[in-house]
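These notes are about the structure you will find just below.
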Amino acid sequence: MPKAQTKSRSIYGVHPGIAMMANWIATLKEKSGRTVEQWVALAKKEGPKDEKALREWFKKEHEFGTNSAWWLAERTVGKGGEDDSPEAYMKAAAGYVREMFDGSKSNLKPLYEALLNEAAAIADDVKACPCKTIVPLYRNHVFAQIKPTTKTRIDFGFALGKFIGKIQARLIDTGGKAKGDRITHRIPMSEPGEIDDTVRHWLRVAYDLDD
């Protein structure tokens, strides 16, 4: 299998959950009678000061669901904001990557970039959506994951729950299938030279399973 060639496109993309959040924000006034800003203003005026108590206040007094109550409580006390819009998320995502590979883990950055390059080479519908501690790779769902687990190791995870056949010994079972997690297997690596045909094969398999 040929090695990946550098892609000119950026593999980074907006996390799928951000579009859902943006839609929720846009339709909040229609559904609840108030905008986010108006709910925050009301909470600051009439609600409790403690974040935990605010969650319960939004749930019990205004019948918000758990996730919405948590989100509004965070905004009321000045937290969050990185998932409010695609632009805010992309700005935050760049910071997540910097922090993940800063300091003692900076030696893993070349391996990280090489893995991104391999993912970008598969197809144009692959995108990386960084979180604070991991970088999931999406097609329709998460099909692989880059995780700087220690100062000297990245675990390259694969979603192989649908795979029928023999799993090679190099892949370590994460227990994900039994737990219902997307990532079921991983290959630990420390340097770009460890990216070989086995890694590329299972990355392709994971991608193809997410059709």
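A short reminder: the numbers here are calculations on the coordinates, not readings from a lab. Please read these numbers as outputs of a predicted model, since none were measured by experiment. Reconstructed Cβ throughout: ideal geometry from the backbone, glycine too, with neighbour counts over all protein chains shown.
With R₀ set to 35 Å, the beta-carbon distance separating THR149 from GLU51 gives a calculated FRET efficiency near 0.70. Working from label points 7 Å from Cα in the Cα-to-Cβ sense, the GLN38 to THR198 distance is 6.0 nm. Using a cut-off of 26 Å between Cα atoms, the listed pairs LYS79/LYS151; LYS49/LYS147; LYS45/LYS79; LYS147/LYS177; LYS127/LYS147 include LYS79/LYS151; LYS49/LYS147 as exceeding that distance. One chain, two ends: SER106 and ILE172. Fully extended at 0.36 nm per residue, the span grows by 21.3 nm beyond their Cα-Cα distance. Partners of LYS44 within straight-line reach, counting aspartates and glutamates whose Cα lies under 13 Å from its Cα and excluding those fewer than 8 residues away in the same chain: GLU74.
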